[in-house]
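First the structure, in the form of structure tokens, and then the observations on it.
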Amino acid sequence: MKKQLFFSLFIFLLIGMGFTSSDAIPTSLKITIRNDLGNLESGVSVTLYANKEDFQKEENPVQQGTTNDKGVVSFKQLQAKVYFVAAVKGDMNNYGAGVQTNKLEEKRVNKVTIIIE
């Protein structure tokens, strides 16, 4: 009986560790886009760049996406580093400010809000 209980406990711990392992969580970035009035903006083209030079030249994007109806776009499988963000919708963009993220935390969902005007 003790042997069976120990075996069951061991299996339970292994399964539990598998579901809570931080290895299963990729480093990602969730960006919310708002306009200068604070309203959420859908349909915004958002591009991530690995460095300032690529951002300024608009070349070598890391990933691209478009905000959903809640003004959110998500990027997955990123490195834990600083990214430069270009957000554009029509004649509105974020080029005046808010173009650089903080260093992303590894194996976490990092969140940023960007204002476009």
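What's the FRET efficiency of Glu105 with Asn35 using the Cβ-Cβ distance as r and R₀ = 25 Å, to the nearest 0.05?
0.35
For the stretch 23-117, compute the number of Lys pairs whose alpha carbons are separated by less than 17 Å, excluding pairs fewer than 8 positions apart on the same chain.
So the count works out to 17.
Arranged from highest to lowest average of other beta-carbon atoms within 10 Å per residue, in what order do the peptides 81-88, 34-41, 98-105 appear? Walk me through the numbers before you get to the answer.
Working: 81-88: 18.4, 34-41: 12.1, 98-105: 14.4.
So the order, starting with the most tightly packed, is 81-88, 98-105, 34-41.
Given q = 0.14, 0.16, 0.17 Å⁻¹, what are the Debye log10 I(q)/I(0) values for the stretch 25-116, with equal point scatterers placed on the Cα positions and solvent ignored?
Relative scattering, expressed as log10 I(q)/I(0), comes to -0.43, -0.57, -0.65.
Just so you know, all these numbers are worked out from the coordinates, no wet-lab data involved. All values derive from a computational prediction rather than experimental measurement. Note that each Cβ is placed from the backbone with ideal geometry, even for glycine, and that neighbours are counted across all protein chains shown.
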